[in-house]
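Participant: One structure, pasted below without further comment.
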């Protein structure tokens, strides 16, 4: 497996054109460690199935499926035998076939900032799963702040090398924004990890020093 590309297509990541090279992102291992063997999982915005493959390769007796808006992503995932359907993960009709808490885990990996209606996505994740795993780029990352302060431009670090006009990122958010958002949606943080920066500083000041936030959530507060 290859190291994850920052985006599926180099010139415009609004098209979501995937190739058949599976990739591994840094957050995959953390997601894997949080998921119990024997779980039923749904990956929302699953791309070409790279996370699905990673979890199938590294967890025991799991059942996993995905939803992806990109036709190329769906076709490639199906080519490798993964159960994936095409749909918008921020539309209610996409979830009509699922029962309440049908899944142990619903995952949305670095896609929250790319949907039009993140509030619908969160609501449906909460409905169809016992636990929710969400990761996203942190807009308040210190180097994004530097780029805004000193260059007065939309941070390209945040956009993984894209420009403001050809990125799929439409709802930039910070760690602080996200925590307020999930509180409004009556979700509890069970675990949280951060990538980017020096680990101890990242842990103490995540809104400033982390590039990616990774959260395990639940409707119920578990001690």
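Only the coordinates and a few stated rules stand behind these numbers; no lab work does. The structure presented is a predicted model; accordingly, all values stated were derived computationally and were not measured. Cβ sites come from the backbone with ideal geometry, for glycine too, and all protein chains shown count toward neighbours.
Participant: Which entry in (i) 17.8; (ii) 19.6; (iii) 18.4 matches Kirkwood radius over Cα pairs in Å derived from the coordinates of this structure?
Facilitator: (i)
Participant: Antiparallel DSSP bridges in the chain: what percent, to the nearest 5?
Facilitator: Details: 14 of 34 bridges.
Percentage antiparallel, nearest 5: 40.
Participant: Which peptide among 18-30, 65-77 comes first, and what is the full order, when sorted by highest mean count of other Cβ atoms within 10 Å?
Facilitator: Descending packing order for the listed peptides: 65-77, 18-30.
Participant: Once all Cα-Cα distances of segment 36-137 are split into 10 Å bins that start at 0, what whole-number percent is in each one?
Facilitator: Spelled out per bin, shortest first, that is 17, 52, 30, 1.
Participant: Based on alpha-carbon centroids, what's the gap between segment 37-51 and segment 88-128 in Å, whole number please?
Facilitator: What the calculation gives is 13 Å, centre to centre.
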